[in-house]
1. So if I check each of Val265, Val321, Val316, Val330, which one is assigned to a loop (DSSP other than H, G, I, E, B) and not polar (S, T, N, Q)?
2. Which pairs turn up if I take residues in the range 253-267 that are surrounded by 12 or more Cβ atoms within 10 Å (Cβ to Cβ) and look for partners that are among the basic types (Lys, Arg) with beta carbon separation below 9 Å, at least 6 apart in sequence or on another chain?
3. Take the conditions among the hydroxyl-bearing types (Ser, Thr, Tyr), in contact with a strand residue (DSSP E or B) (Cβ under 8 Å, 6 or more places away or on another chain) and either without any contact (Cβ under 8 Å) to a residue 24 or more places away in the chain or under 25 Å from Arg137 (Cβ atoms) (or both) and apply them to Thr296. Does it pass?
4. May I ask you to say which residue of Gly255, Gly276, Gly224, Gly282 is out of contact with any strand residue (DSSP E or B) (no Cβ under 9 Å at 6 or more places or on another chain) and not acidic (Asp, Glu)?
5. Give the range 246-262 a look and list any residue that's part of a loop (DSSP other than H, G, I, E, B) and not β-branched (Val, Ile, Thr), or say none.
6. Looking at the range 278-290, which of the residues that are buried (at least 17 other Cβ atoms within 10 Å of the Cβ) and not in a loop (DSSP other than H, G, I, E, B) is farthest from the chain's Cα centre (by Cα)?
7. Pick from the range 333-351 the residues that are part of a loop (DSSP other than H, G, I, E, B) and aliphatic (A, V, I, L, M): which of them is nearest to the chain's Cα centre (by Cα)?
8. Only one of (1) under 23 Å from Ile68 (Cβ atoms); (2) at pLDDT 95 or above fails for Leu275. Which number is that?
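The values are calculated or read from the model by the stated rules, or taken from the named source; none is laboratory data. Note that this is a predicted model, so its numbers are computed, not measured. Here the Cβ positions follow ideal geometry from the backbone for every residue, glycine too, while neighbour counts run over all protein chains shown.
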Amino acid sequence: MTPRSLARLDHVPVARRADEEETVNKDHEVDLLVIGAGPVGLFAAYYAGFRGLSVAVVDSLPELGGQITAMYPEKEILDVAGFPSVKGKELVAGLVAQAATANPTYLLERTAQTLHSDEASGTVTVGLDDGTTVVARAVIITAGIGKFTPRPLPAAADWVGDEIAFFVPSLMEYAGKDVLVVGGGDSAFDWALALHGIASSVTLVHRRDAFRAHQATVDKVMAGETQVITSANVARLVRGRSGLEAVEIEHVKTGEVTTVKAQAVVAALGFVADLGPIQEWGLEVHKRHIVVDSSTRTSLPRVFAAGDVTDYPGKVRLIAVGFGEAATAVNNAAVAINPDAHLFPGHSSEG
């Protein structure tokens with residue numbers, strides 16, 4: 001058996017694929033195509049409807065919500081305006097309901113392979129990996145970090161078994177278990193904090209003394225009952241007849257080995273991002289991010305980008321920032337589609 005990979009989850013909204021509708025053709029023509037169905041892409045779809053644009057959304061994953069749905073549905077998100085705390089799956093559910101007002105066409109489990117922008121005809125043609133062609137009058141790329149795969153696990157331990165997970169789709173799977181969390185970033189500390197009171201015990205192991213996580217979260221974990229072991233690596237997984245029983249931890253500085261009781265391991269070591277075909281479209285790309293200007297325009301006409309996939313001076317990668325960029329992108333796309341349109345259409349509360 002191998003560690004759990006990205007899998008379809010049952011507790012988040014699932015959109016109907018366009019090819020499941022008998023009335024939908026193989027090829028699509030829309031005002032706006034959004035590439036990426038994460039939170040920023042879903043908000044862009046809603047805002048496109050607010051601007052009176054027809055919209056399609058394509059994503060390589062089988063469900064809406066992007067990285068949050070795939071990896072962090074139970075994670076508490078703390079930096080979305082108006083929500084002191086909101087679970088990832090609840091945020092996605094709200095965004096899906098909001099986007100539904102735009103009546104978007106969802107093209108899921110499909111990857112955008114090619115993109116050709118033709119300013120003369122005022123169109124952008126996007127080819128998907130299943131042969132579908134989408135012709136749009138503007139495109140917004142909200143692909144987040146692109147396709148993501150778990151970072152390779154350290155070779156020292158025998159990382160094999162269903163007890164090893166890269167993310168936590170359901171906290172209750174760990175109820176009553178002794179859980180070892182490996183990592184020193186935001187995800188590792190978020191999981192350690194979330195599992196408190198659900199797992200029988202939580203131990204966090206990090207190979208360095210310093211952490212990359214938000215200090216407020218680190219402080220909460222350190223002040224709680226989680227055992228935190230730094231400057232240490234997982235050396236061996238100890239198995240018995242019923243499965244994983246313990247993990248041996250080797251301290252880097254002394255070579256001393258500590259045995260920690262554990263029936264489950266969460267390997268929160270991060271993911272390797274890959275923009276994939278996007279890098280071949282002729283866009284200006286800087287360190288796996290698409291360069292945009294203050295209006296979210298890319299280097300290609302009628303192609304905009306918003307969210308974590310973008311880069312510009314002073315960029316801050318937060319969901320809240322991505323929402324603002326999505327609105328900026330849609331409004332500028334609306335003007336590109338119809339030069340007589342106003343850049344700012346007024347507030348959604350007006351009317």
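1. Just a single option satisfies the conditions, and that option is Val316.
2. What qualifies is Val257/Arg236; Ala262/Lys177; Gln263/Lys177; Ala264/Lys177; Ala267/Arg151.
3. yes
4. Numbers: Gly276 fails: out of contact with any strand residue (DSSP E or B) (no Cβ under 9 Å at 6 or more places or on another chain); Gly224 fails: out of contact with any strand residue (DSSP E or B) (no Cβ under 9 Å at 6 or more places or on another chain); Gly282 fails: out of contact with any strand residue (DSSP E or B) (no Cβ under 9 Å at 6 or more places or on another chain).
Exactly one of Gly255, Gly276, Gly224, Gly282 is out of contact with any strand residue (DSSP E or B) (no Cβ under 9 Å at 6 or more places or on another chain) and not acidic (Asp, Glu), namely Gly255.
5. Lys253, Gly255, Glu256, Ala262
6. Looking only at the range 278-290, we keep the residues that are buried (at least 17 other Cβ atoms within 10 Å of the Cβ), and these are 278, 281, 283, 285, 289-290.
Next, from what is left, pick out any that are not in a loop (DSSP other than H, G, I, E, B): 278, 285, 289-290.
Details: Ile278: 17, Val285: 19, His289: 15, Ile290: 16 Å.
Looking at residues that are buried (at least 17 other Cβ atoms within 10 Å of the Cβ) and not in a loop (DSSP other than H, G, I, E, B), I get Val285.
7. Leu343
8. For Leu275, the exception is condition (2).
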